[in-house]
4 protein chains.
Amino acid sequence: MGNIKTVKVNDCEIGGDRFIFMAGPCSVESEEQIMKIATLLDELKIHILRGGAFKPRTSPVAFQGLGLEGLKLLRKAADKYKLLVVTEVMDTKDISLISEYADILQVGTRNMFNYSLLKELGKARKAVLLKRSFMATIEEYVMASEYILQGGNEDLIYCERGIRTFMKETRFTLDISAIPLIKQMTNRPVIIDPSHATGIRSLILPMTKAGLVTGASGAMIEVHPDPDKALSDGAQSLNLNQFRAVIEEVRKLENQIKASD
Amino acid sequence: MGNIKTVKVNDCEIGGDRFIFMAGPCSVESEEQIMKIATLLDELKIHILRGGAFKPRTSPVAFQGLGLEGLKLLRKAADKYKLLVVTEVMDTKDISLISEYADILQVGTRNMFNYSLLKELGKARKAVLLKRSFMATIEEYVMASEYILQGGNEDLIYCERGIRTFMKETRFTLDISAIPLIKQMTNRPVIIDPSHATGIRSLILPMTKAGLVTGASGAMIEVHPDPDKALSDGAQSLNLNQFRAVIEEVRKLENQIKASD
Amino acid sequence: MGNIKTVKVNDCEIGGDRFIFMAGPCSVESEEQIMKIATLLDELKIHILRGGAFKPRTSPVAFQGLGLEGLKLLRKAADKYKLLVVTEVMDTKDISLISEYADILQVGTRNMFNYSLLKELGKARKAVLLKRSFMATIEEYVMASEYILQGGNEDLIYCERGIRTFMKETRFTLDISAIPLIKQMTNRPVIIDPSHATGIRSLILPMTKAGLVTGASGAMIEVHPDPDKALSDGAQSLNLNQFRAVIEEVRKLENQIKASD
Amino acid sequence: MGNIKTVKVNDCEIGGDRFIFMAGPCSVESEEQIMKIATLLDELKIHILRGGAFKPRTSPVAFQGLGLEGLKLLRKAADKYKLLVVTEVMDTKDISLISEYADILQVGTRNMFNYSLLKELGKARKAVLLKRSFMATIEEYVMASEYILQGGNEDLIYCERGIRTFMKETRFTLDISAIPLIKQMTNRPVIIDPSHATGIRSLILPMTKAGLVTGASGAMIEVHPDPDKALSDGAQSLNLNQFRAVIEEVRKLENQIKASD
């Protein structure tokens, strides 16, 4: 296996020497909320702010995100601290609008099989974070990514975010073995999303460590100033202090591994 | 449970007294192919011609369908015999084009969670056949359909097409219990797709019978003049004679049930 | 496919012309309970009484069945009305004891992979009802049955009782396609258990009909005089009147099919 | 969470400070084979020899293990190097025989729901390694272990060995999140079996590392002097050199973590 094809966005390299974090709330809710989080990311030297502006929700009457207003808040918070923005795009017709505000375009788990969307993203000049469908085999996942690559867009990041199984205790089953498998097949960076995968706060730290030692290039983690009042996915979000503790523990492990290598 | 909300398209009623069939090839391949099938449908008094023009395929280098040319062939064959056309729409930007040629717009299993597409179909003035995602619970499926209904489009047909399980012997597992469950929850017509669900020719007849006796309003079945040469999904397609035999057997069962009711 | 290898126990033929029922409570609880049910079976001309005496329960502190006392009650009720008894055997060391009271030895879903038990049952001189493990492929199921057949015991009945999937609305997913598949592979009788598979009373009738038209030779159904007070699995049990209605509906369908064949 | 309830067998502590290994072939095949492996374990300071003597196999005509002869070979090899023996018990009637030769009694994945076996093991005076059924939720797994604990046997070790999912690229899906979950619920040691879980040699090292950082107390790994000639499960077995490399890499990570703690 040659060198991994890293993805560089501005000064941030995904797939390089350092394990990176993408962090933020499930949904952008207010300027105060997103600024608090951006301030913390800056303090912790995390470079990528995530947040949902256009949200795919199971029910049409659930909160669907702030839309354009959410995008503007993300950009404002990111610009203040020189952060990158990653946010989801759900429809081919939204790509150009979202591209004005985001640095990395995310395809959510429900749209991994939306080949029309993938084809259009192949033509985009933005990095793409392609989440694995929660019921895709590795072959289907890698094939789906080919729709993007064949369009000429090589700035591709994979994300294992849990598969649907019979398990009841966790929301999904984080398929750790997918990390080395996808890297072997594609030689591109893979990150994990332990928040959505487990749905359980206390599992975010151990699962992120598991990602780190199996070759993941980073983790996407949900954080919220007040998880109990979050408009979506509060149960799996870390509060600011919990989040800080997780980052410190993961970095400690990273340093332990590298110190003596 | 009151009367089922039937869907009428021209003279054809889905959810009414008769078990209906939607039949045709996985992909439209040529005028000769689609005409042969349309001729057979006419002979068997089947009113709905299915066929893929825009195909979602796992691999970007697999045959992707004839596109507009396929739509025109479907329409031509349908018009000759006064058939209805049902075909898949994969992208919001294709809805108006496909609506010119099709009578029923199909959402495929990979796009059931594509809420942007569903919202746009809620505004369309065409009946929609919404296939269940192979990874959706019943609740998620019914919720997804609400995206269409809330847009004002009430001409909605559900389709159980198999869920992904650990099973190896069949392509998917046809969830027969979903038929009564969805009907109880929605009071709308549900059809089944035994071809994609099983991937095995010999199971199409028994599974269609199972659908009939559990309350399905119809079945969508793949038929091809020469399945071994089909450009996609040949292994599960019936040839013309096999198809005729299946239709006759299902109708015989339907008549047996109704004769003495 | 030649003639199916029917299983004859006394005068009762499983796999023959008539669709048979095995019915009774999840657990034998009292003489009054089991007598009420046996009386109803006699009235409805059902020949096989089921009931658990030794119960495999997820928790060691849940009701584990009446044991030997349960076996005696089953036999007493059966003898009064010339019924056959089918009940579960969980351990090689219980085979001879249970064989004194039962006519058909049932292997439960949790023990299909218990090859030691299957080998011993191969030497038994009693018919065996082998339930499919809720996570066995068809190949694994048929292979497991070979442990019994190779021991010389040919009186074998298969039972599809639902597989474990991601589904939340039903307890398991009844794999109707397994019925024709197992029959094709083994040429032996297959019955279904819609009670355990669905866990939902209202699905028992449609699922039993689905079994009938796809080639099942019978159904095992839970019935209880007072389901709300059942010591186990009450939610899926039919009361006596509901049960009578299901039997009548299934027999009506059976007669409709046969009348005009 | 208080201190973990470690299991001590002779001088070996499972759940204590050191990550332990149980290693050996899927099946004991010959004295030469098992001696070669025992010699390597001794060299690598691994204290527990695993090997199947009574094998549960999907097909009754597949190799079923050497039985008593296999037990004797395991004991002989273990005694030469003062190793412990862990081997599978499949039937209540074999417990006393196997207890004469083994130090730890293993319950295989197919027998986790065999409550009769678990009850008897609750009375045994041997440590028990209870593998998770590939179809058990965490709740079912912990409940099953209660059958052993309630019998008075507290020397219990859990083993996550992969669950059955829709995945095709790996044999099972190793559920890494189960490790912290089971530890939280039981406060007892959990080990992992990456060999059976993945079925892929190259995944054994990363998955073992994932186990180590998420709190597993050890790993059970298949090793064979000549995997290509193994009578069972060769594809997932490491040869002696590969095995040595895996052990060294895992210990290096363990030391890195502990050095700076």
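The values are calculated or read from the model by the stated rules, or taken from the named source; none is laboratory data. Since the structure is predicted, the reported quantities are computational estimates derived from the model, not experimental observations. Using ideal geometry, Cβ is built from the backbone for each residue, glycine included, and neighbour counts are taken over all protein chains shown.
In the set (1) out of contact with any helix residue (DSSP H, G or I) (no Cβ under 6 Å at 6 or more places or on another chain); (2) part of a strand (DSSP E or B), the condition left unmet by B:ARG18 is number (2). Consider the range C:146-170 and keep the residues that are in a loop (DSSP other than H, G, I, E, B) and more than 10 Å from chain B (Cβ to nearest Cβ). The one that is nearest to B:PRO180 (Cα to Cα) is C:ARG161. Each residue in the range D:66-102 was checked for being crowded, with 24+ Cβ neighbours inside 10 Å, of a type in the set (Gly, Ala, Ser) and either free of Cβ contacts under 8 Å to residues at least 12 places away in the same chain or closer than 14 Å to D:GLU31 by Cα (or both), and 2 pass.
When each of D:ARG161, D:ARG171 is tested for being in contact (Cβ under 8 Å) with a residue 60 or more places away in the chain, under 30 Å from A:MET135 (Cβ atoms) and either buried (at least 20 other Cβ atoms within 10 Å of the Cβ) or not aromatic (Phe, Trp, Tyr) (or both), the lone residue that passes is D:ARG171.
Of the residues making up the range B:186-212, those that are within 8 Å of another protein chain (Cβ to nearest Cβ), within 16 Å of B:ARG251 (Cα to Cα) and among the hydrophobic types (A, V, I, L, M, F, W, C) are B:MET207, B:ALA210, B:LEU212.
Take the residues in the range C:241-260 that are within 18 Å of the chain's Cα centre (by Cα) and more than 14 Å from every other protein chain (Cβ to nearest Cβ); name whichever of them is farthest from C:LEU203 (Cα to Cα). Looking at residues that are within 18 Å of the chain's Cα centre (by Cα) and more than 14 Å from every other protein chain (Cβ to nearest Cβ), I get C:ARG244. Within the range A:191-206, if we keep just the residues that are aliphatic (A, V, I, L, M) and closer than 11 Å to A:GLY162 by Cα, the residue that is surrounded by the fewest Cβ atoms within 10 Å (Cβ to Cβ) turns out to be A:ALA197.
The number of residues in the range C:22-52 that are under 21 Å from C:LEU205 (Cβ atoms) and touching a His at 6+ places or on another chain (Cβ under 8 Å) comes to 4.
Answer yes or no as to whether D:TYR141 is over 17 Å from the mean Cα position of the chain (by Cα) and of a type in the set (Phe, Trp, Tyr). No. When residues in the range A:213-237 are screened for being surrounded by fewer than 22 Cβ atoms within 10 Å (Cβ to Cβ) and either within 14 Å of chain D (Cβ to nearest Cβ) or part of a helix (DSSP H, G or I) (or both), 6 of them pass. In this entry, C:LYS8 passes the filter for residues that are of a type in the set (D, E, K, R), farther than 25 Å from D:GLN150 by Cβ and not in a loop (DSSP other than H, G, I, E, B). Return yes when C:SER116 is in contact (Cβ under 8 Å) with a residue 24 or more places away in the chain, of a type in the set (Ser, Thr, Tyr) and surrounded by 24 or more Cβ atoms within 10 Å (Cβ to Cβ) and no when it is not. It is false that C:SER116 is in contact (Cβ under 8 Å) with a residue 24 or more places away in the chain, of a type in the set (Ser, Thr, Tyr) and surrounded by 24 or more Cβ atoms within 10 Å (Cβ to Cβ). The set of residues in the range B:171-185 that are facing chain C (nearest Cβ under 7 Å) and small (Gly, Ala, Ser) contains only B:SER177.
Restrict the check to the range B:175-190 and report whether at least one residue is crowded, with 24+ Cβ neighbours inside 10 Å, in contact (Cβ under 8 Å) with a residue 60 or more places away in the chain and out of contact with any Cys (no Cβ under 9 Å at 6 or more places or on another chain). Checked the range B:175-190: at least one residue is crowded, with 24+ Cβ neighbours inside 10 Å, in contact (Cβ under 8 Å) with a residue 60 or more places away in the chain and out of contact with any Cys (no Cβ under 9 Å at 6 or more places or on another chain). Checked against the criterion of being touching a residue at least 12 places away in the same chain (Cβ under 8 Å) and either not in a loop (DSSP other than H, G, I, E, B) or not aliphatic (A, V, I, L, M) (or both), the candidates A:SER195, A:SER202 yield just one match: A:SER195.
The set of residues in the range A:54-88 being at pLDDT 95 or above and within 17 Å of A:HIS196 (Cβ to Cβ) consists of A:VAL86, A:THR87, A:GLU88.
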